[in-house]
1. Where does the chain land at 222 nm, in deg cm²/dmol rounded to the nearest 500, when only DSSP H runs of n ≥ 4 count, each adding -39500 (n - 2.57), divided by all residues?
2. Residues of segment 181-236: accessible area per residue at 1.4 Å, in Å²?
3. Could you work out how much longer the chain between ALA216 and ASN246 gets when fully extended? Use 0.36 nm per residue separation minus the Cα distance between them, nm to one decimal.
4. Take the Cβ-Cβ distance between TYR62 and MET318 as r, set R0 to 45 Å, and report the resulting FRET efficiency rounded to the nearest 0.05.
5. Could you work out how far helix 207-216 tilts from the main Cα principal axis of the chain, as a 0 to 90 degree angle to the nearest 10?
6. Using 0.36 nm times the number of residues separating SER309 and ASN267, minus their current alpha carbon distance, what extension gain do you get?
7. Cut-off 10 angstrom, C-alpha nodes, Gaussian network model of the chain. Which of PRO245, PRO301, PRO63 fluctuates the most?
8. Need one word for segment 118-257: rounded, prolate or oblate. Basis is the Cα gyration tensor (sqrt eigenvalues a ≥ b ≥ c); a/c below 1.5 gives rounded, then a/b vs b/c decides.
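The values are calculated or read from the model by the stated rules, or taken from the named source; none is laboratory data. Just so you know, these numbers come straight off a predicted model, no measurement behind them. Methodologically, a virtual Cβ is constructed for each residue, glycine included, from the backbone with ideal geometry; neighbour enumeration extends over all protein chains shown. Calculation scope for accessible area: heavy atoms of the full protein, side chains included, ligands and nucleic acids excluded. Shrake-Rupley method; radii C 1.70, N 1.55, O 1.52, S 1.80 Å.
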Amino acid sequence: MLFRRTLITTLTIALASFGSISSFAQAWPTKPITLVIPFAAGGPTDVLGRVITASMTKATGYPVIVENKVGAGGTVAAAYVKNAKPDGYTFFLQHNGMATAPALYRKLSFNPLTDFEYVSQVVDVPMTIVARKDFPAGDIKELIAYLKANSTKINLGNAGLGAVSQLCGMMFQKALGVNLTTVPFGGTGPAMNALVGGQIDVMCDQTTNTLGQAEAGTVKLYAVTTSKRIKSLPNTPTLAESGLPNFEVVVWHGVYAPKGTPKEIVNKFNLMLRNALKDPEVIKSLTKLGAISVPDSKLTPAGLQTWLSSEIDRYVPMIRAAGQYAD
Ligand code: ASP
């Protein structure tokens, strides 16, 4: 008897809470939504986040706000999102760093495969090799020769261990057989300021951050890191055709939510994101920045989850072999 009453009470509570979750999800959003960006304002991840959230805000009438949580190549932000309330008001935009962190950090306070809900991939962005505008090398072949001959004098900027600028810079040095002095920043936004100001010499960074500067002549752009030349830079060689065969780094992006965020809200945010990516103003801005759209199959929670897991399998042995670690 007592058992039956307990069972009925439990079922009633379960049904009531199910009802409240689903009506909660139906009413969502009722307040501003935050998209956490793991790097400094003004850099590539920040710019991508701001372009998309501006369109989401315009379409839904609810502010979708960017919050920059900077530190440790994006891992500070990931840990913050892992511990955020799974109430549908916190989302996270991160790039390849979500897959490289498990190899780079011996003690990681989050598990990219189990601590998040997956929302969607976003766009791919090529990277470029850039140097300060007065760098003494006319083209990529001369740049490679110069770096090899003067490696001890060169400063290479990046956005910290776990950033794609660090990954690309590490692969570039390994391919050249050199050890440059690396200078970490909270994002490649501030690193770009240092490159323009001549405080650092070279950097590998997304087209989102480098195309405008190269066009303005404030930095020299030498090569792209994609396997083929890109549409927005038809005259710029790839590293692969410049004596570094198989060199390829493409930046992919994923949107995540804290584990336990209701599925209905994840799906609604996914739709908001896909609508933003179809917004002509977003397409125009992202195309100008060199971003490449991804197939619809990647714009799904499953598309991101499968991709992330395959990228972890790809990067972990590569990074371990290069012997890069942080505690
Ligand atoms: N481009 C940076 C990176 O290297 C991140 C950023 O500032 O957006 O990962």
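1. Values: 11 runs with 148 residues, N = 327.
So the helix-based figure for the chain works out to -14500 deg cm²/dmol.
2. Details: 2320 Å² over 56 residues.
Here the per-residue accessible area is 42 Å².
3. Numbers: separation 30, 0.36 × 30 = 10.80 nm, distance 3.02 nm.
Stretched out fully, the ALA216 to ASN246 stretch lengthens by 7.8 nm.
4. Numbers: r = 41 Å, r/R0 = 0.91.
Efficiency computed from Cβ-Cβ geometry: 0.65.
5. Tilt of helix 207-216: around 40 degrees.
6. On the way: separation 42, 0.36 × 42 = 15.12 nm, distance 2.05 nm.
Between SER309 and ASN267, full extension yields 13.1 nm more.
7. Among PRO245, PRO301, PRO63, the largest mean-square fluctuation in the Gaussian network model of the chain belongs to PRO245.
8. On the way: a/c = 1.44, a/b = 1.29, b/c = 1.12.
Cα axes put segment 118-257 in the rounded bin.
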